[in-house]
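Note sheet for the following structure.
The values are calculated or read from the model by the stated rules, or taken from the named source; none is laboratory data. It should be emphasised that the depicted structure is a prediction, and the values quoted were computed from it without experimental measurement. Cβ coordinates were reconstructed from backbone atoms using ideal geometry, including for glycine residues, and neighbour counts include every protein chain displayed. Each accessible area value is taken on the protein alone, full model and side chains, heavy atoms only, with ligands, DNA and RNA left out. Shrake-Rupley method; radii C 1.70, N 1.55, O 1.52, S 1.80 Å.
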Amino acid sequence: MIIPRFLVLGLLTATVFASPSVMAADSAPAPIPYRGMSLDDSAKLNAALNKLMVADDPSVKDILAANPTFSVVKGNSALIPAPFNPARHDANVAIAKKGDIDLLFAGDSITDWWVTNGKVAFAKFFGGIKVADFAIAGDTTQGVLYRLQNGEGQGFQPKAIMLMIGTNNIGRNTAGEIADGVIADLNEMQKDFPNAKILLLGVFPRGLPTDPNRVTIAGINAIISKLDDGKHIFYMDIGSKFLGADGAFLPNTFLADNLHPQEAGYEIWGDAVKDKLAELMK
């Protein structure tokens, strides 16, 4: 049975989550260090530089006061929380408030379209699990971060999370910046859901074999693959399962855009992760 994407799916009996007092006693895993400059570091550096400028030339104080968003040091946009698709976000928050979610999907259109382009595979692999698909088409690492911090990371405690994000950052950020954006999302998830196991997927391949975006994706995945700690975060790169020997997508697995899976692609995806997700949800 298929339920619309905005509804929590599943046929299992209700799970009784730990009481607030018990959950409060849990501590989140230690934050993952950023490869580059964190948002907090860039803010501290800007504040220090502003003080130096004012000390050197007091007239700068009035200029800074008139331009409060001025930044000498530009932070990495991939980890600066940014709202995206408010209507979908509000729908996700409403689901989060209801709770009773065992498995959370997070990401962009590739994950969002499980319940449309991959609805048969979804029913096959996840129809008996309480799933909330909070992925939103077009989203980025900074969008996921904003949404987690503003309602989508509160109100429930999933057993496991499947995250794939970053392809929409390509062209705006470097591989290293995107990896830091993924780290920001992981840090927020571990803070919001301290007991959840996170299945972190490598960004799927896109385009033709010669597409330069594949080089960026390889760079992202090389970095985030090292985030697998065997305790809280578990990395899987299943991108090669969609490709033939020539590096092109297997026939009928992805749409003509060479970016989004179709039903056969979701079948491959579900089959590749089902056992690992079952293990993480125990």
**Asked** Got a sec? Which of ALA256, ALA245, ALA222 is assigned to a helix (DSSP H, G or I), surrounded by fewer than 17 Cβ atoms within 10 Å (Cβ to Cβ) and aliphatic (A, V, I, L, M)?
**Response** ALA222
**Complete:** Picked from segment 102-120 (must be assigned to a helix (DSSP H, G or I) and over 18 Å from ILE198 (Cα atoms)), the residue modelled with the lowest pLDDT is VAL115
**Complete:** Per the list (1) part of a helix (DSSP H, G or I); (2) in contact with a Ser or Thr (Cβ under 9 Å, 6 or more places away or on another chain); (3) open to solvent by less than 20 Å² (accessible area, probe 1.4 Å), residue check on THR216 breaks on (3)
**Asked** Since LYS197 meets every condition but one in (1) under 28 Å from LYS130 (Cα atoms); (2) in contact with a Lys or Arg (Cβ under 9 Å, 6 or more places away or on another chain); (3) loosely packed, with under 13 Cβ neighbours inside 10 Å, which condition does it not meet?
**Response** (3)
**Item:** Filter result for ASP139 (assigned to a loop (DSSP other than H, G, I, E, B), in contact (Cβ under 8 Å) with a residue 24 or more places away in the chain and touching a strand residue (DSSP E or B) at 6+ places or on another chain (Cβ under 8 Å))
**Value:** yes
**Complete:** A careful count of residues in segment 225-235 that are on the phi < 0 side of the Ramachandran plot and surrounded by fewer than 17 Cβ atoms within 10 Å (Cβ to Cβ) gives 5
**Request:** Please go through segment 162-175 and pick out each residue that is surrounded by fewer than 24 Cβ atoms within 10 Å (Cβ to Cβ) and either more than 18 Å from ARG206 (Cα to Cα) or among the basic types (Lys, Arg) (or both).
**Result:** ARG172
**Request:** Considering (1) assigned to a helix (DSSP H, G or I); (2) in contact with a helix residue (DSSP H, G or I) (Cβ under 9 Å, 6 or more places away or on another chain), say which one LEU199 fails and leave the rest.
**Result:** (1)
**Asked** Going through segment 198-246 one residue at a time, which ones are farther than 22 Å from GLN262 by Cα and touching an Asp or Glu at 6+ places or on another chain (Cβ under 8 Å)?
**Response** ASN221, SER225, PHE234, TYR235
**Asked** Of ASP62, ASP40, which residue is more than 30 Å from THR116 (Cα to Cα), charged (D, E, K, R) and at pLDDT 85 or above?
**Response** ASP62
**Prompt:** Within segment 65-89, can you find the residues that are more than 30 Å from GLY107 (Cβ to Cβ) and at pLDDT 80 or above?
**Reply:** ALA65, ALA66, ASN67
**Asked** Checking GLY155 against (1) in contact (Cβ under 8 Å) with a residue 12 or more places away in the chain; (2) open to solvent by 30 Å² or more (accessible area, probe 1.4 Å); (3) in a helix (DSSP H, G or I), which single condition isn't satisfied?
**Response** (3)
**Prompt:** Out of all the residues in segment 128-157, which are closer than 20 Å to GLU177 by Cα and among the β-branched types (Val, Ile, Thr)?
**Reply:** THR140, THR141, VAL144
**Fill in**
A careful count of residues in segment 110-145 that are surrounded by fewer than 19 Cβ atoms within 10 Å (Cβ to Cβ) and more than 20 Å from ALA160 (Cα to Cα) gives 5
**Request:** With the condition kept exactly as written, say whether any residue in segment 55-63 is assigned to a loop (DSSP other than H, G, I, E, B) and within 17 Å of the chain's Cα centre (by Cα).
**Result:** no
**Asked** Which of (1) in a helix (DSSP H, G or I); (2) farther than 26 Å from GLU279 by Cα does PRO68 not meet, given it meets every other one?
**Response** (1)
